[in-house]
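Here the structure is laid out as structure tokens; the discussion comes afterwards.
Read the figures in this text as sums done on the coordinates, not as results from a lab. Everything quoted here is computed from the prediction, not taken from an experiment. Because the Cβ atoms are built from the backbone with ideal geometry, glycine has one as well, and the counts that use them run over all protein chains shown.
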Amino acid sequence: MKRMRLTTHKQVLRTFLRDPQFRQGYEEELDKLRLVEALVGLRQRQGLTQAALAKRLKVSQPFIAKLERAETHNFTLDTLLKVVEALNGELVIKIRQRAPRYAHA
């Protein structure tokens, strides 16, 4: 029997990342996930539950859960500022030209 050569997820991703449109969408999603990860980490370091944060913001716990799963597409700057303020955090925005993240394989 002939052996099958398996393809890893990294190999498949590398192939998809050659497409500029796919790469742009992929990088945008990575940026969103990094933002959400920072918010979740800040909330957890303060020992707050999603429900406690929701109460501070006067929103529902499911709304916080959606934010933390990056399921909402209307994550406005105003919403972000309110969440960061409720967590007694500081929002620092740095804008710069993006260097290519992935070399073409």
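Would you calculate, for the chain, the mean residue ellipticity at 222 nm contributed by helices, counting each DSSP H stretch of 4 or more residues as -39,500 (n - 2.57) and dividing by all residues, to the nearest 500?
-17500 deg cm²/dmol
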Only four residue types carry charge here, +1 at the Cβ of Lys and Arg and -1 at the Cβ of Asp and Glu. Report the dipole size of the chain about the Cα centre in Debye, rounded to the nearest 20.
560
Dipole of the chain [Lys/Arg +1, Asp/Glu -1 at C-beta], most positive-end residue of LEU48, ASN88, HIS9
HIS9
Debye equation applied to the C-alpha atoms of the chain, log10 I(q)/I(0) at 0.12, 0.13, 0.18, 0.21 Å⁻¹:
-0.56, -0.63, -0.92, -1.09
Scan the chain and hand back the longest stretch that contains none of the GluC sites (Glu not before Pro) lying in DSSP loops with at most 16 other Cβ atoms within 10 Å.
1-70
Excluding LYS32 itself, calculate the net charge of residues whose Cβ lies under 14 Å from the Cβ of LYS32, where each Lys or Arg counts +1 and each Asp or Glu counts -1.
-4
If Lys and Arg each add +1 and Asp and Glu each add -1, what is the summed charge of the other residues whose beta carbon sits under 14 Å from the beta carbon of PHE75?
-2
Residue (of PRO20, ILE64, LEU35) at the positive-pole extreme of the stretch 9-86, dipole from beta-carbon charges:
ILE64
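Do any trypsin sites (Lys or Arg not before Pro) in the stretch 31-86 lie in a DSSP loop with no more than 14 other beta carbon atoms within 10 Å, and if so, which?
When the trypsin sites (Lys or Arg not before Pro) of the stretch 31-86 are filtered for loop state and at most 14 Cβ neighbours within 10 Å, LYS58, ARG69 remain.
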